[in-house]
Amino acid sequence: LETACWLARRGAGKLVLASRRGPKAPGAEAALAAVRALGADARVVALDVTDPAAVRSLIARIDGKRKPLKGVVHAAAIYADGIAAEMTPAAFQSVVAVKTDGAAALDAATRELVASGRSLDFLILYSSATTVLGNPAQANYVAGNAAVEAIARIRTTAGLPTMAVAWGPIRETGALKRQAAVAEHLERLLGRPPMAAEAALDLLDGLWASGEPVSVVLDIDWRTLSPRMRGAARLGRVAPGEAQEDNTEFVKLIRGMDEADARDVVAELIAEK
């Protein structure tokens, strides 16, 4: 909803909001009213984004000669948290599919559109800052988002206008909107309150202009977070002109190595972890 309203404020004249339950989704009518109040023509449709044929069909219906499809935002997500060692295949696949299969279906359908002679201004894929920081009990969610970011990189290499945004906590969305305790926990962890959706979305223009296929949007106090991250270097106060010595085991391990050897060690350790 926040993204749709942002697009409407930026002059998008016609918006199609797609979700699994479509018009039957809780809050669908309120979402339509909010978007229409901003001057956009909007409708809600049901779509299983993991179904390539359904995605292709919807894009074909939307794209018309008089008003061609100009852009797509993939913001879908579901959650089935659990300890990785105890996570069932179904719980893993359900979360990954919405991210990975959904992004792959949109990738294929929009490539077909471009191949037919149409132009597409943008495909924006929503990822999560958990791909950078990790998050306990969300191995499936992190994996799905990492794949989304890979698709963005592949498309960018192919010259297709694409960007993945790895969002940090946003105040008006998901569990943060429904559960105050979750928002309070993240604020304690990151040292900052969750970002407001409008302020976060206003960064998209600059991110798009950068040309980077993947960007992270995260308001964070590293001095608060770093002591909580296992293996992370603690950030201490350093007096002007004083060198800060980092004596973490990780830094000791690669000290003295040339860059190529250090990269190999780092890659091996991360893969093992």
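The values are calculated or read from the model by the stated rules, or taken from the named source; none is laboratory data. Everything numeric in this text was worked out from a predicted model, so none of it was measured. Every residue, glycine as well, gets a Cβ built from its backbone with ideal geometry; the counts of neighbours run over all protein chains shown. We work out accessible area using only protein heavy atoms, side chains counted, and drop any ligands, DNA or RNA first. Shrake-Rupley method; radii C 1.70, N 1.55, O 1.52, S 1.80 Å.
The residues listed here are Gly13, Gly82, Gly27; of these, the one that is within 23 Å of Trp208 (Cα to Cα) and not aliphatic (A, V, I, L, M) is Gly13.
Among the numbered conditions (1) open to solvent by 70 Å² or more (accessible area, probe 1.4 Å); (2) assigned to a helix (DSSP H, G or I); (3) touching a residue at least 12 places away in the same chain (Cβ under 8 Å), the only one that Arg43 does not meet is (2).
For region 70-92, what are the residues that are touching a residue at least 40 places away in the same chain (Cβ under 8 Å), more than 18 Å from Ser19 (Cβ to Cβ) and of a type outside the set (A, V, I, L, M)? Matches in region 70-92: Lys70, Asp81, Gly82, Phe92. The condition of being modelled with pLDDT of 65 or more, assigned to a loop (DSSP other than H, G, I, E, B), more than 21 Å from the chain's Cα centre (by Cα) and not hydroxyl-bearing (Ser, Thr, Tyr) holds for only one of Gly256, Gly231, Gly241, that being Gly256.
Looking only at residues in region 133-142 that are touching a residue at least 24 places away in the same chain (Cβ under 8 Å) and crowded, with 18+ Cβ neighbours inside 10 Å, the one that is nearest to Gly82 (Cα to Cα) is Gln138.
Of the residues making up region 20-51, those that are more than 23 Å from the chain's Cα centre (by Cα) and basic (Lys, Arg) are Lys24, Arg36, Arg43.
Which of (1) open to solvent by 40 Å² or more (accessible area, probe 1.4 Å); (2) within 22 Å of Ala103 (Cα to Cα); (3) not in a loop (DSSP other than H, G, I, E, B) does Ile59 not meet, given it meets every other one? Only one criterion in (1) open to solvent by 40 Å² or more (accessible area, probe 1.4 Å); (2) within 22 Å of Ala103 (Cα to Cα); (3) not in a loop (DSSP other than H, G, I, E, B) is unmet by Ile59, namely (1). Out of curiosity, is Ala115 over 16 Å from the mean Cα position of the chain (by Cα), more than 29 Å from Gly211 (Cβ to Cβ) and open to solvent by 40 Å² or more (accessible area, probe 1.4 Å)? It is false that Ala115 is over 16 Å from the mean Cα position of the chain (by Cα), more than 29 Å from Gly211 (Cβ to Cβ) and open to solvent by 40 Å² or more (accessible area, probe 1.4 Å).
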